[in-house]
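One structure below.
The values are calculated or read from the model by the stated rules, or taken from the named source; none is laboratory data. Model, not experiment: these values are computed from the prediction. We place every Cβ from the backbone using ideal geometry, glycine too, and count neighbours over all the protein chains shown. Note: accessible area is taken over every heavy atom of the protein model, side chains too, but ligands, DNA and RNA are not part of it. Shrake-Rupley method; radii C 1.70, N 1.55, O 1.52, S 1.80 Å.
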Amino acid sequence: MDSLHHPFKVLIVGGGICGLSLALMLQEAGIDFQLFEAYPEVTPAVGAGIALLPNGNRILDQLGCYEEMLRNAGHAINAVCIRGPDGGPLWTFEKADQRSIERHGYPMFFCDRQRVLDVLYSRLRDLSKVLTKKRVVRIEQTEDEAHIIVKDGSVYTGDVVIGADGVNSVVRHELRRHAVEKGLGSDYDDDNAMPANYACMFGISTGVPRLAVGPMHFVCNEGFSYVIGTGSNRQYWFLIENLGKTYRGQDIPKFGSDDLEQMVRKHWNDRLTTEVCFGELYESRNTIVYTPLREGVLKNWHFGRVLTIGDASHKLLPLLAQGGNSAIESAACLTNCLFEVLKCSRSDRLPLEQITAAFRKLQNIRIPRVTALAKLASGQQRLDAMITPEIKALVMERVPKLVPENFYEKWHGIYDSAVSLSMLPMPARPRKSLYYDEISHPGVDLGRPKL
């Protein structure tokens, strides 16, 4: 394993999956960091579930986290079932876990977001680098360094600031402010870049025995759809409804408890399967969130020594389960870019032009991939929500005729162009398909039998 011991310091804003993943990656690469979380806890018992897919699991495996996360999940998704408005199955794809492992080395599984955070946090060797109750309110930067100012008045200095603080990113706001002050605001006009066409109610439920452990369900309906994944005695679910129009910027609605109750009443009798209605799932809930879904990829992710990644730069609809996995990928790509430039540096400080080049490289690698994923998720959501009568007819007619191998190729083809950590060894996992970055490094031992 290659590792650096360079005085370069990264200030990470946001302690979610993106921020903690980045912190762990930087630790393993030998790059110093501090992480700033606005809330009192880094691993709070809030939020819903997350699906971890082969592209995310491959990186987590490099970090030594994959096996523990799979144990926490209890089992992998073993079937994919597409259902119609009456809850009846239109099409089922069996042995999904076996096929995924055979081709890509890893299955897909759901687990609590909190458990993912717990595992990432537990792998950090120096927890003093993680500061809670540090809400960032302002960022300043010079030619030589960057500073963050938190609400309590404290000031912290590093070489770069990385915003992993979500779709309502404070770091993004400050980055734009810096661009406007330099007369470049038009290049960072984000107001219309992440519109909302859908709203999502998502949660975790327990004790719904008629939702068998193992399958993942996609329930299609007119104007809305469901995604339901299962874990050990848990159901991870997403109710996604079309808003009827596109909302942008300040016009994007904010939902309260009355909106939530109205949404629940409206969908109480929705059939999820022929035996289970939404009301049963809702009554068994542990956690629940109701929010508009923004989607889109920003054009510019960096300015000076400040960069945003994860939801702060690319927001995907949840249908493909690529939001968290793409954030992990972006963190890995950033670590690769920083590691490469620091490895070649002969100075204790990186000049701004080298940092800009590293950030630009990250952006050039990641934007095409997340843009393609965002487009794919949006198109699939239109199908599942049967946005027009013509689309409904298409879904009801074509889905039952799906050829399993064609579905499999489309679903799993999104993994091949994923990135991994260039400075860490790749664990040997037998698999038939090479990721593109493994093709460029033919010495990687994939554990495949010799031909």
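Rundown of residues vs (1) in contact (Cβ under 8 Å) with a residue 12 or more places away in the chain; (2) in a loop (DSSP other than H, G, I, E, B); (3) not basic (Lys, Arg), yes/no style:
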site: Leu117; (1), (2), (3): yes, no, yes
site: His147; (1), (2), (3): no, no, yes
site: Leu175; (1), (2), (3): yes, no, yes
site: Val180; (1), (2), (3): no, no, yes
site: Ala193; (1), (2), (3): yes, yes, yes
site: Leu211; (1), (2), (3): yes, yes, yes
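Scan segment 424-440 and give yes if some residue there is modelled with pLDDT of 95 or more, over 15 Å from Tyr106 (Cα atoms) and surrounded by 16 or more Cβ atoms within 10 Å (Cβ to Cβ), otherwise no.
Yes, segment 424-440 contains at least one residue that is modelled with pLDDT of 95 or more, over 15 Å from Tyr106 (Cα atoms) and surrounded by 16 or more Cβ atoms within 10 Å (Cβ to Cβ).
Does segment 213-231 hold any residues that are open to solvent by less than 10 Å² (accessible area, probe 1.4 Å) and in a loop (DSSP other than H, G, I, E, B), and which are they?
Across segment 213-231, the qualifying residue is only Gly214.
Mind counting the residues in segment 109-123 that are at pLDDT below 95, open to solvent by 10 Å² or more (accessible area, probe 1.4 Å) and not charged (D, E, K, R)?
Summing the residues that are at pLDDT below 95, open to solvent by 10 Å² or more (accessible area, probe 1.4 Å) and not charged (D, E, K, R) in segment 109-123 gives 1.
Among the residues that make up segment 80-89, is at least one of them in a loop (DSSP other than H, G, I, E, B) and more than 30 Å from His267 (Cα to Cα)?
Checked against the condition, which is being in a loop (DSSP other than H, G, I, E, B) and more than 30 Å from His267 (Cα to Cα), segment 80-89 yields no hits at all.
Tell me the residue from Arg265, Arg234, Arg271 that is under 22 Å from the mean Cα position of the chain (by Cα) and either open to solvent by 10 Å² or more (accessible area, probe 1.4 Å) or among the hydroxyl-bearing types (Ser, Thr, Tyr) (or both), please.
Going through Arg265, Arg234, Arg271 in turn, the sole match is Arg234.
How many of the residues in segment 185-205 are more than 23 Å from the chain's Cα centre (by Cα) and open to solvent by less than 40 Å² (accessible area, probe 1.4 Å)?
1
Within segment 140-156, count every residue that is farther than 25 Å from Gly324 by Cβ and surrounded by 13 or more Cβ atoms within 10 Å (Cβ to Cβ). Outline the logic, then answer.
Taking segment 140-156 and keeping what is farther than 25 Å from Gly324 by Cβ, we get 140-147, 149-156.
Okay, now just the ones that are also surrounded by 13 or more Cβ atoms within 10 Å (Cβ to Cβ), so 140-141, 145-147, 149-150, 156.
Qualifying residue count for the region: 8.
Scan segment 58-81 and give yes if some residue there is more than 30 Å from Pro400 (Cβ to Cβ) and without any contact (Cβ under 8 Å) to a residue 12 or more places away in the chain, otherwise no.
Looking through segment 58-81, at least one residue is more than 30 Å from Pro400 (Cβ to Cβ) and without any contact (Cβ under 8 Å) to a residue 12 or more places away in the chain.
Would you say Leu281 is in contact with a helix residue (DSSP H, G or I) (Cβ under 9 Å, 6 or more places away or on another chain), crowded, with 18+ Cβ neighbours inside 10 Å and not acidic (Asp, Glu)?
no
Can you name the helices (runs of 4 or more DSSP H) wholly within segment 307-424 that have at least 1 residues being within 21 Å of the chain's Cα centre (by Cα)?
By residue number, 323-343, 352-384, 404-412.
Given segment 2-77, what strands (runs of 3 or more DSSP E) lie entirely inside it while holding 2 or more residues that are open to solvent by 10 Å² or more (accessible area, probe 1.4 Å) and within 25 Å of Arg305 (Cβ to Cβ)?
6-13, 31-36
Would you confirm whether or not segment 236-246 contains a residue that is among the β-branched types (Val, Ile, Thr) and either part of a loop (DSSP other than H, G, I, E, B) or modelled with pLDDT of 95 or more (or both)? If you could, list the steps in order and put the result at the bottom.
Keep residues of segment 236-246 that are among the β-branched types (Val, Ile, Thr), which gives 240, 246.
Narrowing the set further to residues that are either part of a loop (DSSP other than H, G, I, E, B) or modelled with pLDDT of 95 or more (or both) leaves 240, 246.
Yes.
Can you tell me which residue within segment 368-408, out of those that are open to solvent by less than 50 Å² (accessible area, probe 1.4 Å) and touching a Phe, Trp or Tyr at 6+ places or on another chain (Cβ under 8 Å), is farthest from Val306 (Cα to Cα)?
Among residues in segment 368-408 that are open to solvent by less than 50 Å² (accessible area, probe 1.4 Å) and touching a Phe, Trp or Tyr at 6+ places or on another chain (Cβ under 8 Å), the one farthest from Val306 (Cα to Cα) is Val399.
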